[in-house]
Structure formats: structure tokens, C-alpha cells
Amino acid sequence: MKKLTLFISFFAISLSLFATNRVVVGVVETCYTGGMARVSRTYIKAVEDAGFVPLVLPCTTNEATLKAFVEKIDILLLTGGEDVEPKRYGHKNSPKLGAVNLCRDNFEFKLLEVAKAKRVPMFGICRGCQVLNVFFGGTLYQDIPSEITPKSKIKLAHSIKGKEGVLPMHTAKIVDGTRLAAVVGAGNISVNTYHHQSAMDLAPGFVASAVAPDGVVEAIEASFYPAAGVQFHPEKILFDNDSRFELARIGEIFSRLPELCGLEPLKESKVVGDILTSTDDATLLKAFIAIPSTSRNIPQVNRMSEAMAAHLNVHGIKCTMEVMPDGRKVLFACTRDTKRPDVLISAHLDVVQAQSPSMYTATITNGVLYGRGASDCKGHCVLAARLLRELKDKASIGCIFGSDEEIGGAGTKWMVEEKGYGAKKVAFVLDMEPYSVTTRQKGLGGYEVIATAAPVHTGLLKGAPPKNALARILEGCDKLAEVFPNFEDGSWRDTAAVSAINGNSVKASAKITLKNSKNDDWAEIEKKLASCFPNCEIKNSRKSPAVILDESEPVMNDFLRRTKVKLCDGKGHKYDHYFHLDSSTDARHLQNLGVPLIITGTDCHGGHTPKEHMNLWSMQDYFELISEFILDRFPDKK
């Protein structure tokens, strides 16, 4: 019975997996030797990190099994490996031919026949690229060093074996007008190189979408069928987080795989090209919003950090990418070669998970840009980038682009306390309320309350049954609302909110956020929390301090005065002398730098909601306000 239950559970999970709307990518195994089916984890991770579902397809020639594979997948991914058997493209074996795996050849070519009949999109990597070319009628160079290199004026090593310390990489020119160019941007890109074979005669209807300096075809795509391939290994570059490559561009290959293969139409916005070259606020913000950098998805947040670094590098801003122990990247960009510029800006690149994928496609209506991160906080990151670009020769300015602000800001704290980043004269936090300066922010504590109870058969009980676990959690949540009243009247006090309740009569839990209106009274707040949930286990997941600033601070007052004069007087904007925020920002980790701290934000609203938006005209207003303030008070010519 236990085995049957496990099988039913696995079957139910499998059904739920394929019942979702997520794209399923069938990944063919990379080896068929030693009686073991296997595939490199690099492929699986690249597909997962892009937001798709990987499904490993083991070698088989059973037609019914192959048809079942094809029914379950949206895209077929052909992986790297051995040389293709030359008879398949009508050539004799070269003396330089490498290992051939006939079992794998038979499997993949039969799988391709079944997939083609269903018009399943295909993407090939290295050997996979070669397999696609041969399957559709093309031929291969069996050995680049002996067949291409001697005839080429440029001597390029495409496969470096047995040479320790030699980095296997070269450039490839992305051909303009191709799907690959639309996805990663036209022009040169650095790629890794592990292949000694490549396309000779392209299959009818295929074009080269990337070419190495010596003429070797590095990528192909079909015009008549949804298929594309690359000779390099983008999945390995991403897996290694190799900073020697343009990770922001390489990441697009998997994140936009449906477009690259032809499963979906190409998006109008050329995200990577816009990031690298644009200085227009709206264009840049739309490109950043298209990267779904939710806080807990470290690969996507890292991709966002790399994208910002790529943009700023193009414009001559020095960028330093620090890597936390968990692999999360935190970007520091500066107009000077220092960790402590005169002016430090803080803004964050991570966002809260969107309710709908459509929120990652920004739209503009009447000068208002809608999308996840427009308000909180990618719009402010765009403003920070503009300040760095346009004041680079006039002021000493740096910016910490946080990557986990929405879940506590451990990255910003680490940058300040462990890595020594800071400010000499003033710090700005670009987040939250416009036309004001925030002087109070509540501290945030994340808690999980767990209740357990013994299983009870109520039919065998005499008298009233004991309270079960779920009932105790629900009663505790009611009590919590009494002990911590909500914030509707705007009074400055501790509050609490329940974000999730899970469980059953035997074990139940609640996720709770406590907001601390003071600085160090967590013990008293936690005591109140425990009183609401007697005999329950309480776990703390994160805790950050409140921010209480001195409202008489001269530099802060000067900025507030300028805000009123420049942005409010005679313009009809609401003006709050000081603002008290019922939430928290990364100001919590900057308040002990020993310099004035100014917390402000552009005219943007609806953070974390489907109506999140940025009023684009306010970007210009705040750029002028902040740049004039910096140049008046803290000029620093090179």
C-alpha cells in the first residue's frame, strides 16, 4: 500500500507539472554509455533559471516512447557530445574524426523525425547544432584544425585540450536581422569554444546567425521551421557565472528560448541592445522590467545586476561586482576609483514576484509606465544610472544596487559592514514617497508560527474534542489583530500582518510580518506575538531595525526645502514636510554611516500591485533636483 501511495503521489505531481502553462523543454541525455542515462546539470539549471520546466529524455528508439516524449514538450533541446556519424551527411570518415556514438545518433535522428512531424521547435548546442544542420540536409566539417584553420588568415583555436590555464574563448559576430540578433543584440560577443566540428554546407532554409573571425559558423537558424542552434555552450557560461563573458547577453539565450527557436514571435523590444546603448529613461526601464529579477531567484537577480553593469560599463562608469557567499551578486558603480565616494546612492534591482507574467512587459499610457519594478524599484535604479552617467566628470558619486531589498537587504548590509562601502558626505536612498523626505521607517521582522496536535478520531471521543492545530492558528491570528491594530488611522505604532496560513488539523502554520516602530524593542514585540499563539513554536526568519532620523539635520532640511521650491510650489503637488513610512528600505543598513541620510523617491505608486507605475516626467524632475543639489553642495571635478 505504501508503494502504491508513493506512485500515486508521483503520478499526481507529474500531472500537475504538465498541467501548468510553463514551457516544458525536453533535454536529450548527453551520454549513452556504461548502462547509465545522464545529462549535465548545467543544461537543467539553465532551463530552470530561465523559468521553464526541464524534462530529461533518455536514449531510446521505441517509437511509442518517442511520441510520448514529443507530446509532453514545447521545445526540444539537443545537447553537446560526440561527433555525428559522417555517413548521415554523405561523407567518408576523416582521419581526424572523433568518437562517434551510433546509439545516440539513432535516438536523436528518430526523435527529430517525430518532433518534426508535430512541428516541435528545436534548439541545439554544440553537437546539437551540428545534428540540426545534418538532419535538415546540411553537411559538416569533421575537423576545424585540419580543414578550415590552414586556409584561414586568422588562426583561431576552437577546441583547446590539455592546456591548463588556457581559456577556451573567442569572439563571434552576431548577424544583424537574425532571431539571435534580436535576442542578444547584434555585433560581437565573447563565447566559449569546445568544438572541433562545425557546419560546412548549411541545410536548405538555414542561415548563419553568428560567425567566428576565421569564418567558422557559430550559430544557425531556420527560416521555414522553428529551429536554431549555437556551437558554443551558453549553459556552461551561466552555470559558472563566468564574468569574462557578457552574462546579461548570454542569459537572454535561455530566457528568450521560445523566441529564439520560433515558438513565440520576437518581442518588439530588443532588451539587450536597449540596455547596452540607450540613455532614454523609458526605454531603459522597459528593458530592465523585462528581466524578472524576483528577490529569491538568485540567477535572475544576478542577470539583472550584470545587465546594469553592462549598461554602465558602456558609458565609462567603473563597476565592481561583489559576490556573496550564497552566490548572490551585488553591484557597486562609481564615478571615482573608491569604495567611499562623497555621495552614495542606494537603490535595489530585485522585485516582488508578479501576479502575472504580463507585468514583466512594460506599457506606457499618457506618460505613465506600468510594469513590475516601475515603482519599486527599477525606476529609481534608472535614475541612479543617469546620475552616474551625467555627473561622472563633475562629482564623486557611487551607487550600491541592492539585490535582495525585498527580503531584508542582507546584500546591502554586507556591502557596508563587511566590504567597507560607504559615503564621505551624504547618502541617498531612492525608494518610496515623492515630494518629501522620509525620516521614519519601521523595522521588519519575519516570523513563522507552527502549531501541532495529535490526530484524533472525534467519533471515539467523549465530550468536546481538543482544539486542533489549524484552529489554534486561526484563533491566534484573530488575537494578533487585537494586540497589533492596523495602520489605517496613520498613527505611529507597532503593527502585524498575516501573509499566509497553511496546514491541517495535525500541523498548521502562519507566516507573520511584524513592523517595529522603534529601534530595539524586538523582545517586547516578540513577547506579545507569543501571547497570541500560546504553546506554539515561533521561528524568526529575518529582522531589520527601524530608521528614526533627526528631523533638524541641516543637509536633509536643505534638500527638503529645494524639493518644495522646485517640485511643489505652484505645481499642485502634495507636499509633506517629513514622511513616516509604514515599511522599510535599505536605509536600515545605511543609517550608521555617519553622514546625513536622505530618503526620497520619484512620483511612482502601486508598488507590489498590478497597477504599479512610474510617472515618467518625474524622472526628469528628480534628476534635475538631485543633480543640482549634489553639484551645489558636493562638487568634485576630476
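The values are calculated or read from the model by the stated rules, or taken from the named source; none is laboratory data. Computed from a prediction, not measured in an experiment: that's the story for all the values here. FYI the Cβ positions are ideal-geometry reconstructions off the backbone, even for glycines, and counts take in every protein chain you see.
Within the stretch 279-286, not a single residue is surrounded by fewer than 18 Cβ atoms within 10 Å (Cβ to Cβ), touching a Phe, Trp or Tyr at 6+ places or on another chain (Cβ under 9 Å) and not in a helix (DSSP H, G or I).
Residues considered: Lys467, Lys518. Of these, the only one that is farther than 26 Å from Arg588 by Cβ and either of a type in the set (S, T, N, Q) or at pLDDT below 95 (or both) is Lys467. Of the residues contained in the stretch 259-270, one or more are found to be in a helix (DSSP H, G or I) and surrounded by fewer than 24 Cβ atoms within 10 Å (Cβ to Cβ).
Screening Arg127, Arg104 for residues that are surrounded by 17 or more Cβ atoms within 10 Å (Cβ to Cβ), of a type in the set (Lys, Arg) and closer than 21 Å to Pro226 by Cα leaves exactly one candidate, Arg127.
Scanning the stretch 361-377 for residues that are surrounded by fewer than 19 Cβ atoms within 10 Å (Cβ to Cβ) and within 25 Å of Val429 (Cβ to Cβ) returns a single hit, Val368.
Do we have any residue at all in the stretch 168-191 that's surrounded by 16 or more Cβ atoms within 10 Å (Cβ to Cβ) and of a type in the set (Asp, Glu)? No, every residue in the stretch 168-191 fails to be surrounded by 16 or more Cβ atoms within 10 Å (Cβ to Cβ) and of a type in the set (Asp, Glu). Within the stretch 34-55, the residues that satisfy the criterion of being of a type in the set (A, V, I, L, M, F, W, C) and within 24 Å of the chain's Cα centre (by Cα) are Ile44, Ala46, Val47, Ala50, Phe52, Val53, Leu55.
Matching residues to (1) farther than 30 Å from Val330 by Cα; (2) surrounded by 16 or more Cβ atoms within 10 Å (Cβ to Cβ); (3) among the hydrophobic types (A, V, I, L, M, F, W, C):
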| residue | (1), (2), (3) |
| --- | --- |
| Glu526 | yes, yes, no |
| Ser541 | no, no, no |
| Ala546 | no, yes, yes |
| Lys574 | yes, no, no |
| Phe579 | no, yes, yes |
| Pro596 | no, yes, no |
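Got at least one residue in the stretch 252-261 being within 15 Å of the chain's Cα centre (by Cα) and of a type in the set (A, V, I, L, M)? Within the stretch 252-261, one or more residues are within 15 Å of the chain's Cα centre (by Cα) and of a type in the set (A, V, I, L, M). Filtered by the rule that a residue be among the charged types (D, E, K, R) and touching a residue at least 60 places away in the same chain (Cβ under 8 Å), the stretch 307-339 gives Glu322, Arg328, Lys329, Arg336, Lys339.
Those strands (runs of 3 or more DSSP E) of the stretch 2-57 in which at least 1 residues are surrounded by 12 or more Cβ atoms within 10 Å (Cβ to Cβ), modelled with pLDDT under 85 and among the hydrophobic types (A, V, I, L, M, F, W, C), considering only elements entirely within it, cover 31-33, 36-38.
Residues in the stretch 433-454 that are in contact with a His (Cβ under 9 Å, 6 or more places away or on another chain) and in a loop (DSSP other than H, G, I, E, B) were compared, and the one that is surrounded by the most Cβ atoms within 10 Å (Cβ to Cβ) is Lys442.
State whether the residues of the stretch 515-527 include one that is among the basic types (Lys, Arg) and outside any strand (DSSP E or B). Looking for residues that are among the basic types (Lys, Arg) and outside any strand (DSSP E or B), one finds at least one in the stretch 515-527, hence yes. Of all residues in the stretch 383-405, exactly one satisfies the criterion of being touching an Asp or Glu at 6+ places or on another chain (Cβ under 6 Å) and assigned to a helix (DSSP H, G or I), namely Glu405.
Rundown of residues vs (1) outside any loop (DSSP other than H, G, I, E, B); (2) under 30 Å from Ile148 (Cα atoms), yes/no style:
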residue: Thr61; (1), (2): no, no
residue: Leu66; (1), (2): yes, no
residue: Lys92; (1), (2): no, yes
residue: Gly98; (1), (2): no, yes
residue: Arg104; (1), (2): yes, yes
residue: Phe109; (1), (2): yes, yes
residue: Arg119; (1), (2): no, no
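Among residues of the stretch 195-219 being buried (at least 18 other Cβ atoms within 10 Å of the Cβ) and closer than 16 Å to Lys116 by Cβ, the one that is farthest from the chain's Cα centre (by Cα) is Ala203.
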